[in-house]
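Quick notes on the structure that follows.
Computed from the coordinates by the stated procedures, all read-outs in this text should not be read as laboratory data. The shown structure was predicted, so the numbers you read here are calculated from the model rather than taken from an experiment. Ideal geometry is used to build each Cβ from the backbone, glycine not excepted, and the neighbour counts take in all protein chains shown.
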Amino acid sequence: MNEQKIAERFPKDVAQHEMTIVLDDDLHRHLRFAAPQPNSWIHWFEIVTWPGYLAITGDMESYAAKADADTFMITRTQDMFTFFRGNDINPRYWSQKVAGGAGVKEFCRATFRKEVLEYIGDSIADHPDLIDEVYADILSDESIRSVESAHEALHNFTYKDFRFDDTHELGFERFTTHFLWCCHAIRWGIGQYDAAKKQAVAS
């Protein structure tokens, strides 16, 4: 799923979620978000903070790129809630602050294909059959499932005097759907917490 699809689907995933404040002691917080029983296991997640850190974990397996990709730890400021408050979700900037847990990016065949076709674009005039060779030897190769295997395939490709050079500057990845979902979960969860605190003060 791309960023737009996650943004559209996330509100539906948490439409029934309720917040439970397990701990709320200054910068030490533990918040749990889940739907009521019997659906409490669907897309539940927890946010935990301590000075300088925020961790998010839960059961988002339908989005996870791999079964153990269920936790992110992010560090930036003393109160991490202040870091995530605002109007925009910024996965590119936020991913730079991930200090541990699951990976934020994954190999994307569509991105790989796009980068390769752009790379050979200027060479097709000199080698009309180049695109057919690239499709046959690289783009149709289902064994290419990682950044490493993609670079290896490009490095090993030869056609007349054409070679793929400096391919490590090309990007073959996208943000994982799991990471994007967690970005929305963090922002939404903090919003629920802030609303509850505001309501408590008002009453």
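A few remarks follow.
- Nearest-ten-degree value, helix 3-13 long axis tilted from longest Cα axis of the chain: 30 degrees
- Placing +1 on each Lys and Arg Cβ and -1 on each Asp and Glu Cβ, with no other charges, gives the chain a dipole about its Cα centre of roughly 1180 debye.
- Lysine pair count for the chain with Cα-Cα distance under 18 Å and sequence separation of 8 or more or different chains is 4.
- Treating r as the C-beta distance of W50 and D194 and R0 as 25 Å, the FRET efficiency rounds to 0.85.
- Built amide H within the under 5 Å cut-off of K105, gap 5+: T176
- Inter-label distance, E142 to Q4: 2.9 nm, where each label sits 7 Å from its Cα along the C-beta direction.
- Rounded to 10°, Cα long-axis angle of helix 177-202 versus longest principal axis of the chain: 20 degrees
- Exposure proxy ranking, count of Cβ atoms within 10 Å, fewest first, for S203, S140: S203, S140
- Listed peptides 2-15, 164-177 by packing density, highest first (mean Cβ within 10 Å): 164-177, 2-15
- Ordering 150-163, 45-58, 180-193, 118-131 by mean Cβ neighbour count within 10 Å, with the highest value first, yields 180-193, 45-58, 150-163, 118-131.
- Shape index of the chain: Rg/Rh, with Rg the Cα radius of gyration and Rh the Kirkwood radius from the inverse mean 1/r over Cα pairs, equals 1.12.
- When I42, I74 are arranged by Cβ crowding within 10 Å, least crowded first, meaning fewest neighbours, the order is I42, I74.
- What you get for the stretch 107-173, charging only the Cβ of Lys and Arg (+1) and of Asp and Glu (-1), is a dipole of about 220 debye around the Cα centre.
- Amide H to amide H distances under 5 Å link F72 with I56, A102, where only residues 5 or more positions off or on other chains count and H is placed in the peptide plane.
- Karplus-derived 3J(HN,Hα), 6.51/-1.76/1.60, for each residue of the stretch 140-154, Hz, glycine and proline x: 9, 7, 6, 6, 7, 9, 8, 4, 5, 5, 5, 5, 5, 5, 5
- For the pair F157 and Y93, the difference between a 0.36 nm per residue extended length and the Cα-Cα distance amounts to 19.6 nm.
- Efficiency of FRET from Cβ geometry, R85 and D59, R₀ 22 Å, rounded to 0.05: 0.30
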